[in-house]
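Working notes, beginning with the structure itself.
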């Protein structure tokens, strides 16, 4: 039953890169990884999945009711899965209104938490949501920050409370129900072989060095970007010109003003220091 | 005990509570489905779970929503409701007319599709899609254009002995989120909410629900994409069949009720006789008028009315 691997992160922290790597690794026979067919993973906020498993439409339920049934959706996925199933999560870790963990430990094979320097997240987040960098910085410091927040219209995903960047990191690293393997985006860049191999090991997948090297080549940033340019990427929001934007660890040094850098460091200094970013 | 008789999905439903979203049955109609309050018997030993809220065996399906009610749907003609003491009627109706009805329709050999529907001069046109695809919004635009309504959210397809597919009239209300209502110039002020906590409103249907079933002509599968264009693409072969399976209500329980072979067969028969078109719209804007124009042009240009078809084939 312990078949789910949570790929948790604040948005724009490398989650998609890891998923595409896992897809490429699982399909060594394909010359190119198809960025529009990452079939080794599902999204924790998938509304259609919820409706199918629960048998009642989330669009007729209150946010509290949705929250209550979400763990059951994941239990059903674990029951149906044969191989490790990766679930992308942008929610902060939390308990449901009835007190259980939103991400049930008994079905969890591993929890990978991907973190990225918030100074690098900010410009990428701004591009993704089509907002200014200053607005991105404000949202990243907002405790009520929520993906697909319930409004006066139906959102394509279920509501996913994320909280601030710091709150998100702390929620996952300080909870005690799921052992977490922490992965820094910067380390994935600097030493991809070692860090991606560790992700495979944690997920219970065999590590084949040749296959791993080939999967890394197929998921090089330039290749993903070229594929997006050629055929488009279905996960790109309309608000963003492109999804695969820069893919660098430290381009924030040119993209942010000194004031913006100071603001991020002031908002998140304690957690940044804890993670070695300051 | 007071009961209320309604006509929906081609059946007469005898209900223990008033359901204004359904059309009253003609006086003296014999009930096809009896819905009653009562204690549920224990599930049979061979019942299996279908997700966390449903248990299924051949011939019956149970659905329980904690704090609201448990439903037992069996034999294609009976629903038993064990309601919690503080459950409100609106939630009971929601379970009954959606999930409960879909389970029962499966048991009766109908194909319950996740679609809204209108009657056009060429037959029934369905707008099929997952939650949020725009089924109700598009339906309301076609109602505004004067097309009679046939279904909202659940379209019940019935196959006749000769294989012809017909769509039965469903509920007589539509549900719209506040922004969709605003888009069609409808203020949400004064409209009843689907649930007190949601910005989703019950919108009455002014020009009425169709009186009779309509022959199925076309199915538009609604989706959005991150492109600025509205595209229509006719589906062929297995993709038609897959679209029907993907948008079947309660698809998780079909196999567990032992109905999957019959369900597949029905989907094949429906796929073979309908025009099925995938419609994609920009995900950052509905462009409702343009979308409805494109769909209207498609069924007008590509389908013939049942009368002219008859003349052509000479039967």
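The values are calculated or read from the model by the stated rules, or taken from the named source; none is laboratory data. Because the structure is a prediction, the values reported are computed rather than measured. Positions of Cβ are backbone-derived with ideal geometry, glycine not excepted, and every protein chain shown enters the neighbour counts.
Some notes on this structure:
- Inclusion of residue A:32 among residues that are out of contact with any helix residue (DSSP H, G or I) (no Cβ under 7 Å at 6 or more places or on another chain) and farther than 16 Å from residue A:109 by Cα is not warranted.
- Every pair of residues 6+ apart whose Cβ atoms lie under 7 Å, when the first sits in the range A:43-68 and is closer than 20 Å to residue A:5 by Cα while the second is assigned to a loop (DSSP other than H, G, I, E, B) and at pLDDT below 90: A:45/A:148; A:47/A:156; A:47/B:131; A:47/B:132; A:53/B:51; A:67/A:97
- Comparison of B:8, B:25, B:101, B:115 shows that the only residue that is in the same structural domain as residue B:271 (by TED's automatic domain parsing) and either at pLDDT 95 or above or on the phi > 0 side of the Ramachandran plot (or both) is B:115.
- Test: residue in the range B:231-248 that is in contact (Cβ under 8 Å) with a residue 60 or more places away in the chain, more than 25 Å from residue B:136 (Cβ to Cβ) and in the same structural domain as residue B:162 (by TED's automatic domain parsing): no
- Residues that are within 11 Å of chain A (Cβ to nearest Cβ) and assigned to a helix (DSSP H, G or I), drawn from the range B:103-128: B:103
- All positions within the range B:32-46 that are more than 21 Å from residue B:83 (Cα to Cα) and surrounded by 17 or more Cβ atoms within 10 Å (Cβ to Cβ): B:32
- Residues satisfying the stated conditions in the range A:244-269, i.e. in contact with a helix residue (DSSP H, G or I) (Cβ under 7 Å, 6 or more places away or on another chain) and more than 14 Å from residue A:122 (Cα to Cα): A:244
- Residues that are under 30 Å from residue B:280 (Cα atoms), touching a residue at least 12 places away in the same chain (Cβ under 8 Å) and away from every other protein chain (no Cβ under 14 Å) number at least 2 in the following helices (runs of 4 or more DSSP H) confined to the range A:171-278: A:221-231.
- Checklist (1) assigned to a strand (DSSP E or B); (2) more than 21 Å from residue A:50 (Cα to Cα); (3) within 14 Å of another protein chain (Cβ to nearest Cβ) applied to residue B:222, failing item: (2)
- When residues of the range B:225-249 are limited to those that are assigned to a loop (DSSP other than H, G, I, E, B) and under 17 Å from residue B:290 (Cβ atoms), the one nearest to the chain's Cα centre (by Cα): B:230
- Here is the figure for the range B:189-200: residues that are more than 8 Å from chain A (Cβ to nearest Cβ) and either surrounded by 15 or more Cβ atoms within 10 Å (Cβ to Cβ) or part of a helix (DSSP H, G or I) (or both) total 2.
- Residue within the range A:18-37 that is crowded, with 21+ Cβ neighbours inside 10 Å and modelled with pLDDT under 90 present: yes
- Residue A:14 farther than 30 Å from residue B:101 by Cβ, at pLDDT below 95, touching a helix residue (DSSP H, G or I) at 6+ places or on another chain (Cβ under 7 Å) and buried (at least 21 other Cβ atoms within 10 Å of the Cβ): yes
- In the set A:112, A:147, only one residue is under 18 Å from the mean Cα position of the chain (by Cα) and under 14 Å from residue A:7 (Cα atoms); that residue is A:112.
- Test result for residue B:295, farther than 30 Å from residue A:65 by Cβ, surrounded by 19 or more Cβ atoms within 10 Å (Cβ to Cβ), in contact with a helix residue (DSSP H, G or I) (Cβ under 8 Å, 6 or more places away or on another chain) and touching a residue at least 24 places away in the same chain (Cβ under 8 Å): yes
- Scanning the range B:146-165 for residues that are surrounded by fewer than 19 Cβ atoms within 10 Å (Cβ to Cβ), in a loop (DSSP other than H, G, I, E, B) and touching a helix residue (DSSP H, G or I) at 6+ places or on another chain (Cβ under 7 Å) returns a single hit, B:163.
- Of all the residues in the range B:264-274, those that are buried (at least 19 other Cβ atoms within 10 Å of the Cβ) and either in the same structural domain as residue B:62 (by TED's automatic domain parsing) or in contact with a helix residue (DSSP H, G or I) (Cβ under 7 Å, 6 or more places away or on another chain) (or both) number 3.
- Residue check for residue B:241: at pLDDT 90 or above and surrounded by 16 or more Cβ atoms within 10 Å (Cβ to Cβ): yes
- Consider the range A:132-154 and keep the residues that are in contact with a helix residue (DSSP H, G or I) (Cβ under 9 Å, 6 or more places away or on another chain) and touching a residue at least 40 places away in the same chain (Cβ under 8 Å). The one that is surrounded by the fewest Cβ atoms within 10 Å (Cβ to Cβ) is A:134.
- Taking the listed residues B:136, B:131, the one that is touching a helix residue (DSSP H, G or I) at 6+ places or on another chain (Cβ under 8 Å) and in a loop (DSSP other than H, G, I, E, B) is B:131, with no other qualifying.
- Residue match in the range B:166-178 (condition: in a loop (DSSP other than H, G, I, E, B), within 14 Å of chain A (Cβ to nearest Cβ) and over 22 Å from residue B:112 (Cα atoms)): no
- Scanning the range A:169-195 for residues that are in contact with a strand residue (DSSP E or B) (Cβ under 8 Å, 6 or more places away or on another chain), within 21 Å of residue A:267 (Cα to Cα) and surrounded by 17 or more Cβ atoms within 10 Å (Cβ to Cβ) returns A:169, A:172, A:184, A:185.
- Residue count for the range A:42-57, restricted to those that are in contact with a strand residue (DSSP E or B) (Cβ under 8 Å, 6 or more places away or on another chain) and more than 7 Å from chain B (Cβ to nearest Cβ): 6
- Qualifying residue in the range A:64-87 (condition: more than 14 Å from chain B (Cβ to nearest Cβ), surrounded by 20 or more Cβ atoms within 10 Å (Cβ to Cβ) and either over 19 Å from residue A:182 (Cα atoms) or out of contact with any helix residue (DSSP H, G or I) (no Cβ under 8 Å at 6 or more places or on another chain) (or both)): no
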